[in-house]
Structures are given as structure tokens and as C-alpha cells.
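Structure first, commentary second.
The values are calculated or read from the model by the stated rules, or taken from the named source; none is laboratory data. Please read these numbers as outputs of a predicted model, since none were measured by experiment. In this analysis, Cβ positions are derived from the backbone assuming ideal geometry, glycine residues included, and neighbour counts consider all displayed protein chains.
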Amino acid sequence: MKGTRAALRYAKAVLSLAKDKNLAEAVNADLLLIASTLESNKNLRDTLLNPVIKSGVKQSILTKIFEGKINGITQGLLHLLIENKRLNLLLPIAKEYAIIFDFDMGMEIANVTTATPLTKDLESKILEKIKTLTDNEVTIKNIVDSNIIGGFILRIGDKQYDASITGQLNLLKREFEDNYYVSKF
């Protein structure tokens with residue numbers, strides 16, 4: 001939890017600085033590039049998170065990878081995280097920045113978790129329904145998780161609607177447990 005709050009504070013500070021310099025969109029693109037690079041390269045992630053490797057080595061690795069691809073604000077963030085030994089927050093900061101940048105631009109992402117991938121027809125129907133719930137522009141991100149068995153879980157911002165089979169079974173289980181303990185006394 002602490003890491004998430006710290007990542008959000010860093011992301012807000014970077015967004016504020018980037019907006020002052022009219023580079024918010026460029027920093028967003030930089031952080032998306034960094035996030036995708038880290039997510040796709042486990043060796044890089046492990047190297048950057050290894051406490052034995054010196055900060056200077058980490059700095060030179062990141063400089064070589066992203067040289068000429070990211071702007072000064074993003075480079076400053078990387079340097080600051082290395083200097084403060086908070087490089088473990090880089091990926092969470094990138095994700096938080098994308099969320100608050102999209103929100104600032106009037107866009108929201110609706111995460112729809114389903115047991116199987118959404119069809120285009122179903123995705124458009126869900127998108128129509130979601131647009132009635134919010135004034136912002138919404139895009140759908142489909143997350144496939146076979147553990148929910150069926151149904152869906154919709155999450156927009158801090159609101160969540162759980163219509164999954166697993167969610168319904170868990171609700172039923174809690175009701176039985178509550179009734180069991182109430183009837184015992």
C-alpha cells in the first residue's frame with residue numbers, strides 16, 4: 001500500500017511539472033514506453049531491482065536503453081528514483097501517471113474482466129452502457145480471467161460492479177456463514 005501511495009505522489013508531481021512545461025503527453029508516451037519495456041524484459045527488471053548493483057550502473061543501463069527516446073522530465077524522474085533508491089516504484093509510477101493523465105484529459109478506462117475474450121459486438125454494447133454512466137470518454141480494457149467462471153467484473157475508476165459467477169458464489173458463501181453464526185447464538 002505504501003508503494004502505491006508513493007507512486008501516486010511521484011506521478012502527480014511529474015504530471016504537474018510536465019503540464020507546466022506543456023509536455024504532459026510526451027511524458028505519458030515516455031512512461032508507457034518504459035512500462036512496456038520493463039514488463040516485457042524480466043532480466044532488465046531484475047537488474048534494476050537488484051540492490052547489489054550500484055546506482056551508477058543502473059543509470060547507465062537506463063541511459064543506453066532510452067537515450068534519445070525520452071525527454072528531460074522523464075530522464076529527471078529516472079535519475080531521482082535511482083538517487084533515492086526508489087527504482088522499484090518506476091513501473092507503478094508509470095501506471096499511476098497514465099491513469100491520472102487520462103483522467104486529466106477527460107478519458108477513463110473501464111476494465112472489464114471476463115472468463116473469455118469479449119466479442120466486438122458485446123464490447124460495443126458494454127461501451128454504450130458505460131457512456132450513460134459517465135461524462136468522460138471511455139475505452140474498454142478486457143482482462144481475461146478464467147477463475148471468475150462466467151459473468152463479468154466491471155471497474156471504472158474507484159467503482160466496481162461484480163456480476164461474476166465467482167462473486168455470486170462468494171456472496172452466497174458469506175450469507176451462509178453469517179446465518180450459521182447467527183443461528184448458533
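Observations
- Criterion: over 22 Å from ASP158 (Cβ atoms) and modelled with pLDDT of 90 or more - qualifying residue of LEU91, LEU31, LEU17: LEU17
- Count - residues of segment 75-100 that are under 22 Å from the mean Cα position of the chain (by Cα), without any contact (Cβ under 8 Å) to a residue 12 or more places away in the chain and assigned to a loop (DSSP other than H, G, I, E, B): 0
- Any hit, segment 14-29, residues being assigned to a loop (DSSP other than H, G, I, E, B), out of contact with any Pro (no Cβ under 9 Å at 6 or more places or on another chain) and of a type in the set (Lys, Arg): yes
- Residue check, PHE176 under 20 Å from the mean Cα position of the chain (by Cα), in a helix (DSSP H, G or I) and either more than 25 Å from ASN22 (Cα to Cα) or at pLDDT 90 or above (or both): no
- Checking the stated criteria, GLY106 turns out to be farther than 20 Å from ALA7 by Cα, small (Gly, Ala, Ser), under 21 Å from the mean Cα position of the chain (by Cα) and surrounded by fewer than 15 Cβ atoms within 10 Å (Cβ to Cβ).
- Test: residue in segment 148-156 that is among the small types (Gly, Ala, Ser) and not in a helix (DSSP H, G or I): yes
- For ALA7, the criteria (1) farther than 28 Å from THR139 by Cβ; (2) outside any loop (DSSP other than H, G, I, E, B) hold in every case but one, which is (1).
- Qualifying residue in segment 83-97 (condition: in the same structural domain as PRO51 (by TED's automatic domain parsing) and among the small types (Gly, Ala, Ser)): yes
- Some residue of segment 119-131 being of a type in the set (S, T, N, Q), assigned by TED's automatic domain parsing to the domain that holds LYS42, free of Cβ contacts under 8 Å to residues at least 40 places away in the same chain and not in a helix (DSSP H, G or I): no
- Top-ranked residue in segment 28-68 [being under 14 Å from LEU89 (Cα atoms) and of a type in the set (Asp, Glu); ranked as surrounded by the most Cβ atoms within 10 Å (Cβ to Cβ)]: GLU39
- Of all residues making up segment 56-74, the number that are aliphatic (A, V, I, L, M), part of a helix (DSSP H, G or I) and touching a residue at least 40 places away in the same chain (Cβ under 8 Å): 1
- Against the test of being modelled with pLDDT under 90 and surrounded by 11 or more Cβ atoms within 10 Å (Cβ to Cβ), the options THR166, THR139 yield a single qualifying residue, THR139.
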